[in-house]
Amino acid sequence: MAVALAGCPQLLGDDFLLTRERPEDAGARPAGGSAGAASSGQAGRDAGSGGSGDAADAASGGAGPGPAGDPTCNDGLRNQEETGVDCGGPVCSPCDCVFGPFHDLVQVEGLGSDDRWGPMLSADGRSLYFSVQAASDEQIHRAVRASTGTVFSSSGPLAEVNGSGLDGSPFISRDDRSLLFFSDRPGGLGSRDLWLATRESAGQNFGAPQLMAGVNSTAMDLLPRLSYDGLTLFFVSTRAGGSGNSDIWAAERATPSGPFGPPRPRADLDSGGREEGFSLSGDQLTIVFSSNRGGTGMDLWMARRSDPQGTFAAPVPLGELNSSADDLDPGLSLDGREIFFTTQRDGDYRIYHALRDCQ
């Protein structure tokens with residue numbers, strides 16, 4: 001089934017989470033998975049702290065122009081916002097694009113041999129942020145590629161961000177200055193909380209992570225994902241008030257540097273099971289996420305809406321990507337053509353990649 005899109009999308013499980021938790025965290029999430037009672041592989045996603053000044057602006061993830069500036073409508077380039085043609089973005093006419101199904105599904109190379117979770121691509125498409133589980137710890141890593149493709153290099157941990165426990169589900173803001181993630185380090189409110197690390201410019205090291213203000217709870221909070229305009233924070237939580245074991249929640253703010261309001265559950269996306277890894281499109285009209293609704297294992301689902309402030313229609317499964325194993329932690333590129341996700345189809349948790357085209 002073809003899906004009409006005008007922008008780009010992004011995505012996130014319980015029994016699985018338990019398998020990734022450290023002994024003392026059992027019942028919360030797996031030691032490197034998603035949200036939920038131990039979300040599927042995304043259990044370790046943090047979000048950042050509240051912050052002010054440059055830190056708050058960076059965390060907004062898109063108050064100003066993107067890394068390469070806003071696109072023009074006649075430059076012949078996609079500029080990371082356009083869906084395969086010279087259109088789209090904040091200043092151009094909407095793209096007339098109908099995406100076909102995902103294809104060319106392959107495992108991403110160059111990321112190491114340990115279990116890997118929560119892949120998220122930077123706005124320029126060159127850097128892939130993800131988490132790696134080793135023994136009882138989970139740490140955030142970054143790898144790079146020269147251009148669009150499935151082979152990465154220079155994979156390594158972000159030493160200035162990682163602590164001694166669980167750090168995962170990284171998300172890099174549009175301007176490449178804010179890293180949101182989950183952590184169980186001291187100073188939080190629950191077993192896992194959302195944290196934020198910022199830097200003055202791309203290429204520099206991140207500063208000391210800060211607890212994200214106003215969004216954490218005493219339950220498990222992880223898998224932070226910021227909308228392209230920096231005004232909405234989506235994340236996964238096991239707190240009371242949701243529909244299932246782990247649910248998608250959202251908090252909004254009036255400006256990219258302002259404080260977030262009280263988080264609320266997304267009843268239009270949540271079910272009685274586990275919703276965890278997810279990815280929101282640049283126009284906020286499409287979301288891809290992981291769920292075990294329907295009594296199956298963790299699969300990838302997609303939902304659409306016509307208004308960025310409206311509710312999503314009933315989700316549909318991404319049959320061309322799902323398998324009989326756990327499939328979770330989806331992350332879409334800004335142009336919507338690439339998707340990265342974690343899957344256990346080869347026995348271990350590995351990151352896979354697929355493409356789709358305008359038709």
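The values are calculated or read from the model by the stated rules, or taken from the named source; none is laboratory data. Everything numeric here is computed off the predicted structure, so don't read it as measured data. Quick reminder, even Gly has a Cβ in these numbers, built from the backbone with ideal geometry, and neighbours come from all protein chains shown. Just so you know, the surface numbers come from the protein's heavy atoms only, side chains and all, with ligands and any DNA or RNA stripped out. Shrake-Rupley method; radii C 1.70, N 1.55, O 1.52, S 1.80 Å.
For region 156-261, go through all pairs of different Cα atoms, get the mean of 1/r, take its inverse, and jot down that Kirkwood value in Å.
14.1 Å is the Kirkwood radius here.
So how do 343, 198 rank on accessible area, 1.4 Å probe, biggest first, that is with the largest at the start?
Heavy-atom accessible area, descending, gives 198, 343.
Please report, in debye to the nearest 20, how large the charge dipole of region 156-222 is about its Cα centre when each Lys and Arg carries +1 at its beta carbon and each Asp and Glu carries -1 there.
Working: 5 positive and 8 negative charges, 6 e Å.
Approximately 20 debye in magnitude.
From the phi angles alone, apply the Karplus equation (6.51, -1.76, 1.60; θ = phi - 60°) to region 328-339 and give each ³J(HN,Hα) in whole Hz, x where the residue is Gly or Pro.
Couplings: 7, 6, x, x, 9, 6, 4, 7, x, 7, 10, 9 Hz.
With θ set to phi - 60°, apply the Karplus curve 6.51 cos²θ - 1.76 cosθ + 1.60 along region 140-157 and write out the HN-Hα couplings as whole Hz, x wherever there is a Gly or Pro.
3J(HN,Hα) across region 140-157, in whole Hz: 7, 10, 9, 10, 10, 9, 6, 7, 4, x, 10, 10, 10, 9, 6, 5, x, x.
Using only Cα atoms, what is the ratio of the radius of gyration of region 138-184 to 2.2 N^0.38 Å?
For region 138-184, the normalised Cα radius of gyration comes out at 1.24.
When 1/r is averaged over all different Cα pairs and the result inverted, which Kirkwood radius in Å belongs to region 177-335?
It is 16.3 Å.
Leaving out ligands, DNA and RNA, and with a 1.4 Å probe, what % of the accessible surface on region 233-318 is carbon or sulfur?
Carbon and sulfur: 55 percent of the exposed surface of region 233-318.
Along the principal axes of its C-alpha atoms, what lengths does region 96-142 span, in descending order and rounded to whole Å?
Largest to smallest, the principal-axis extents are 47, 21, 16 Å.
Would you mind working out the magnitude of the charge dipole of region 183-339 relative to its Cα centre, with +1 at each Lys and Arg C-beta and -1 at each Asp and Glu C-beta, to the nearest 20 Debye?
That gives region 183-339 a dipole magnitude of about 380 debye.
May I ask you to evaluate 6.51 cos²θ - 1.76 cosθ + 1.60, the Karplus curve with θ = phi - 60°, for each residue of region 181-188 and list the ³J(HN,Hα) values in order in whole Hz, giving x for glycine and proline?
Running phi through 6.51 cos²θ - 1.76 cosθ + 1.60 with θ = phi - 60° gives 6, 9, 7, 9, 5, x, x, x Hz.
Quick one: Debye curve from the alpha-carbon atoms of region 265-359 only, equal weights, vacuum; give me log10 I(q)/I(0) at q = 0.10, 0.16, 0.26 Å⁻¹ to two decimals.
Scattering profile of region 265-359, log10 relative to I(0): -0.25, -0.64, -1.48.
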